[in-house]
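The values are calculated or read from the model by the stated rules, or taken from the named source; none is laboratory data. Remember, it's a predicted structure, so these values are computed and weren't measured experimentally. Heads up, the Cβs are rebuilt from the backbone with ideal geometry, glycines too, and the neighbour counts pull from every protein chain shown.
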Amino acid sequence: MTEYSGAGDPKRTLELLWGVRERPRRGPKPRLTAEEIVRAAIRLADAEGLDGLSIRRIAEELGVSPMSIYTYVPGKAELVDVMVDRAFGELAPPGGGSWRDRLEHIARDNWALYHRHPWLLQITTVRPPLGPNTCAKFEYELRAVDGLGLSDVEMDSVVALVTGFAESAARVSVNAAEAERRSGMTDEQWWEASAPLLETLVNEDDYPLGSRVGAAVGNEYGSAVAPGRAFEFGLARVLDGIEALVSSR
């Protein structure tokens, strides 16, 4: 199931993202806060994914009625945006070092974030949640490539390339782990179970390159894929490509 950020009411989402409704007001102290609801939603999503997330489920987690949740959060669509923004708040700006060091830090930090919160991969953020953490994230990502002679549009494209690669690589890694969990078999066990029949169906002479390379990969990885290795290889190549662009300036 795919969720889409920006699917809720824009005004109410922005109010929730920036805590407008959390400002001091007269009357008795509220039983809950929007932040407590967001934290509960993230805990549930970490444990069960977004498919199991609902206002009713959050209410059960907090021991209140669903209507109590709606006092603070307009609906699930707006809540998802805040969850993404709060998760982005776990990312740390890169320190010193070269531009390459800074971009590598950003890629690795994003890779780790998607593994801590796999539900982020279920959300399409073509309309990013315009909250404080998302804005701060974009600012320090741009700062990592500022002053390299790139145009503003190129700076944005470089950042999108690095973060998009980290997201894509993390998706493969998370999906591989989920496939193992659902099947109850490791990749090695799955290939061992498939091999006897596969050998009778496939003539290696018909697929000489695939057979040769597949055997080498299997011997090296113990499976058809190694997401961690692919991330390391791909990140280096992405940075090499950016270095060629920077050097041309």
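Things to note:
- Test result for Ser211, assigned by the TED database to the domain that holds Ala179, outside any helix (DSSP H, G or I) and in contact with a helix residue (DSSP H, G or I) (Cβ under 6 Å, 6 or more places away or on another chain): no
- When Thr124 is tested against the conditions (1) touching an Asp or Glu at 6+ places or on another chain (Cβ under 9 Å); (2) loosely packed, with under 12 Cβ neighbours inside 10 Å; (3) within 30 Å of Pro93 (Cα to Cα), the lone failure is (2).
- Residue in region 40-63 that is free of Cβ contacts under 8 Å to residues at least 40 places away in the same chain and closer than 19 Å to Glu167 by Cβ present: no
- The listed residues are Ser248, Ser183, and the only one of them that is under 28 Å from Ile123 (Cβ atoms) and of a type in the set (Ser, Thr, Tyr) turns out to be Ser183.
- None of Glu220, Glu188, Glu199 is among the charged types (D, E, K, R) and either surrounded by 12 or more Cβ atoms within 10 Å (Cβ to Cβ) or touching a residue at least 24 places away in the same chain (Cβ under 8 Å) (or both) except Glu188.
- Subset of region 43-52 [surrounded by 13 or more Cβ atoms within 10 Å (Cβ to Cβ) and either touching a strand residue (DSSP E or B) at 6+ places or on another chain (Cβ under 9 Å) or assigned to a helix (DSSP H, G or I) (or both)]: Leu44, Ala45, Asp46, Leu50
- Within the option set Arg181, Arg249, being charged (D, E, K, R), assigned to a helix (DSSP H, G or I) and surrounded by fewer than 13 Cβ atoms within 10 Å (Cβ to Cβ) holds for one residue only, Arg181.
- Condition broken by Ala87, with the remaining ones in (1) under 30 Å from Arg237 (Cβ atoms); (2) modelled with pLDDT under 95; (3) small (Gly, Ala, Ser) satisfied: (2)
- Selection status of Arg171, surrounded by 15 or more Cβ atoms within 10 Å (Cβ to Cβ), under 19 Å from Gly234 (Cα atoms) and more than 13 Å from the chain's Cα centre (by Cα): no
- Taking region 116-142 as the range and being of a type outside the set (Lys, Arg) and outside any helix (DSSP H, G or I) as the test, the residues that pass are His117, Ile123, Thr124, Thr125, Val126, Pro128, Pro129, Leu130, Gly131.
- Of everything listed in (1) touching a Leu at 6+ places or on another chain (Cβ under 9 Å); (2) part of a helix (DSSP H, G or I), the single unmet condition for Val145 is (2).
- For region 214-249, a residue qualifies if it is among the basic types (Lys, Arg) and either under 30 Å from Ser151 (Cα atoms) or not assigned by the TED database to the domain that holds Thr163 (or both), and the qualifying residues are Arg237, Arg249.
- Only one of Ala160, Ala166, Ala136, Ala144 that is under 30 Å from Leu245 (Cα atoms), in the same structural domain as Trp99 (by the TED database), crowded, with 18+ Cβ neighbours inside 10 Å and under 18 Å from the mean Cα position of the chain (by Cα): Ala166
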